[in-house]
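The values are calculated or read from the model by the stated rules, or taken from the named source; none is laboratory data. As the structure is a computational prediction, the values presented were derived from the model and not from experiment. No Cβ is skipped: glycine too gets one built from the backbone with ideal geometry, and neighbour counts run over all protein chains shown. Accessible surface is based on the protein model in full, side chains and every heavy atom, while ligands, DNA and RNA are left aside. Shrake-Rupley method; radii C 1.70, N 1.55, O 1.52, S 1.80 Å.
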Amino acid sequence: MSEILFEVSPEMEGERIDKCISSYLNSLSRSYIQKIIKDGNVSVNGIVVKANYKVKSEDCIRFIVPESVEPDIPAQDIPLDILYEDKDLLIINKPKNMVVHPAPGHYEGTLVNAVMYHCKNELSGINGVMRPGIVHRIDKDTTGSLIICKNDETHNAIAALLKTHDITRKYRAIVFGNVKEEEGTISAPIGRHATDRKKMAITEKGKHAVTHYRVLERFNGYTYVECQLETGRTHQIRVHMASIGHPLLGDSVYTGQKAPFKLEGQVLHAMTIGFVHPSLNKYMEFEAPLPEYFTKLLEVLRIK
């Protein structure tokens with residue numbers, strides 16, 4: 001295990017300790033930090049504290065990070081569409097119907113199972129045993145580009161870029177209706193739905209979320225758009241586009257209707273991802289080609 005010591009800065013005075021640590025170690029999720037606190041691995045001025053402890057200026061925080069342990073999930077020889085790979089990371093073009101990381105009751109067939117086999121022991125361990133290498137994610141039914149980190153240094157660097165919105169993320173989607181404006185920006189906070197915990201919603205108590213969109217092509221009753229994320233909230237594009245009256249085609253969760261064209265989930269593809277490579281120190285951009293189902297759907301809509 002490793003030990004981190006730091007002193008609370010004056011501007012953090014009065015904040016909860018989990019939030020304070022999160023701002024200092026921005027590569028770790030708040031839930032992971034809270035678990036470490038709950039396990040008694042965080043002390044202030046030599047005294048173990050709980051997650052609701054309010055820090056004071058110049059408090060000395062001792063934070064113990066447990067060693068990464070071998071995931072109790074199998075490495076599986078599942079084919080990967082690799083767009084790029086080096087010693088620090090790889091860019092994957094995730095297929096439809098593939099879950100990114102294991103969860104209770106779903107320990108096999110995920111992207112993590114596949115990258116564990118491909119990378120062997122070369123994966124970051126920061127996000128815990130269930131998410132080795134995973135620094136961000138996309139939904140099961142969303143296809144496209146995803147960064148996998150092979151070591152903790154790269155994971156920390158990519159997480160920092162995500163936090164400061166310095167990663168280019170452009171998606172392609174087909175939405176219901178005729179989007180009148182050629183381009184626009186949706187800025188509305190997103191949080192968990194008040195009554196349906198499986199859904200997200202626009203809510204005053206939600207997190208700041210911004211999506212930029214532009215029209216690529218118009219069809220009879222549908223519009224092909226590009227959406228660029230400024231932030232990266234759960235279901236962000238799906239919630240934002242639905243909020244302006246143009247939910248994603250195939251998205252039964254946010255349309256409340258059965259998907260036409262025999263679709264399986266929302267028509268959404270993470271096409272472009274770009275960032276300054278942490279060790280090469282140069283901007284790199286990768287593009288995942290549209291999946292076959294998406295291109296065929298475009299052909300159908302063009303003659304509809």
Inset, instruction - Taking the Cα centre of segment 87-217 as origin, work out the dipole magnitude from +1 charges on Lys and Arg Cβ and -1 charges on Asp and Glu Cβ, in debye rounded to 20. - result: 280 debye
Inset, instruction - Could you tell me whether segment 1-147 comes out rounded, prolate or oblate from its Cα gyration tensor? Rule is a ≥ b ≥ c as square roots of the eigenvalues, rounded for a/c under 1.5, then prolate if a/b exceeds b/c, otherwise oblate. - result: prolate
Legend entry - When each of Lys262/Lys296; Lys180/Lys205; Lys87/Lys163; Lys19/Lys198; Lys96/Lys282 is checked by Cα-Cα distance, pairs over 19 Å: Lys180/Lys205; Lys87/Lys163; Lys19/Lys198; Lys96/Lys282
Legend entry - Charge sum, other residues only, whose C-beta stays under 13 Å from Pro95's C-beta, Lys/Arg counted +1 and Asp/Glu -1: -2
Inset, instruction - For Ser279 paired with Ser23, estimate the spin-label separation in nm (one decimal), with each label point 7 Å from Cα along the Cα-to-Cβ line. - result: 3.3 nm
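Sort segment 167-304 into rounded, prolate or oblate with this rule: let a ≥ b ≥ c be the square roots of the eigenvalues of the Cα gyration tensor; rounded if a/c is under 1.5, and if a/c is not under 1.5, prolate when a/b is larger than b/c, oblate otherwise. Kindly include the intermediate steps, with their values, before the conclusion.
Numbers: a/c = 1.72, a/b = 1.09, b/c = 1.58.
Taking the square roots of the gyration eigenvalues as a ≥ b ≥ c, segment 167-304 is oblate.
So what is the calculated 222 nm ellipticity per residue for the chain, using -39500 (n - 2.57) for each DSSP H run with n of 4 or more, over all residues, to the nearest 500 deg cm²/dmol? Don't skip to the answer; put the middle values down first.
Details: 7 runs with 62 residues, N = 304.
The per-residue figure over the chain is -5500 deg cm²/dmol.
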Legend entry - Label-reachable residues, segment 249-266, where backbone N falls under 11 Å from a point 7 Å from Lys199's Cα toward its Cβ: 252-257
Legend entry - Label zone at Ser187, where the point sits 7 Å out along the Cα-to-Cβ direction: segment 220-237 residues whose backbone N lies under 14 Å: 230-231
Inset, instruction - Give the cross-link partners of Lys54 among the aspartates and glutamates, using a straight C-alpha distance below 13 Å as the criterion and excluding same-chain residues fewer than 8 apart. - result: Glu11, Glu13, Glu15, Asp18
Inset, instruction - Considering only Glu230, Glu285, Glu181, give the residue with the highest GNM mean-square fluctuation for the chain, with springs between Cα atoms whenever their separation is below 10 Å. - result: Glu181
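Considering only the other residues whose Cβ falls under 9 Å of the Cβ of Ala209, what net charge follows from Lys and Arg at +1 and Asp and Glu at -1? Can you show the working numbers first?
On the way: positive: Lys207, Arg233; negative: Glu230.
Charge balance in the 9 Å sphere: +1.
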Legend entry - Spin-label zone in segment 1-26 - amide nitrogen under 19 Å from a point set 7 Å from the Cα of Ser57 along the C-beta vector: 6-17, 20-21, 24
Inset, instruction - Rounded to the nearest Å, what's the spacing between the alpha carbon centres of segment 284-301 and segment 78-122? Just the number, please. - result: 21 Å
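According to the square roots a ≥ b ≥ c of the eigenvalues of the Cα gyration tensor, what is the shape class of segment 84-150, taking rounded for a/c under 1.5, prolate for a/b larger than b/c otherwise, and oblate for the remainder? Could the numbers behind the result be given before it?
Working: a/c = 1.75, a/b = 1.17, b/c = 1.49.
The shape class here is oblate.
Expressed as a whole percentage, what fraction of the accessible surface of segment 183-282 belongs to carbon and sulfur atoms when a 1.4 Å probe is rolled over the protein heavy atoms? Numbers along the way, then the final one.
On the way: 2270 of 4950 Å².
Carbon with sulfur: 46 percent of the solvent-accessible area.
Please report, in debye to the nearest 20, how large the charge dipole of segment 54-144 is about its Cα centre when each Lys and Arg carries +1 at its beta carbon and each Asp and Glu carries -1 there.
Values: 10 positive and 14 negative charges, 71 e Å.
That gives a dipole near 340 debye.
Treating only the Cβ of Lys, Arg, Asp and Glu as charged (+1, +1, -1, -1), what charge dipole size does the chain show about its Cα centre? Round to the nearest 20 debye.
On the way: 38 positive and 38 negative charges, 240 e Å.
Around 1160 debye, computed over the chain.
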Legend entry - Sites Glu7 and Glu230 - FRET efficiency at Förster radius 45 Å, r taken between beta-carbons, to 0.05: 0.85
Inset, instruction - Give the residue from Ile273, Met241, Gly191 lying farthest towards the positive end of the charge dipole for segment 184-287; charges sit on Cβ (+1 for Lys and Arg, -1 for Asp and Glu) and the dipole is referred to the Cα centre. - result: Gly191
Legend entry - Potential lengthening between Ile82 and Lys258 on full extension [0.36 nm per residue; Cα-Cα distance subtracted]: 60.1 nm
Inset, instruction - Enter the Cα centre distance for the pair segment 133-178 and segment 207-274, rounded to the nearest angstrom. - result: 16 Å
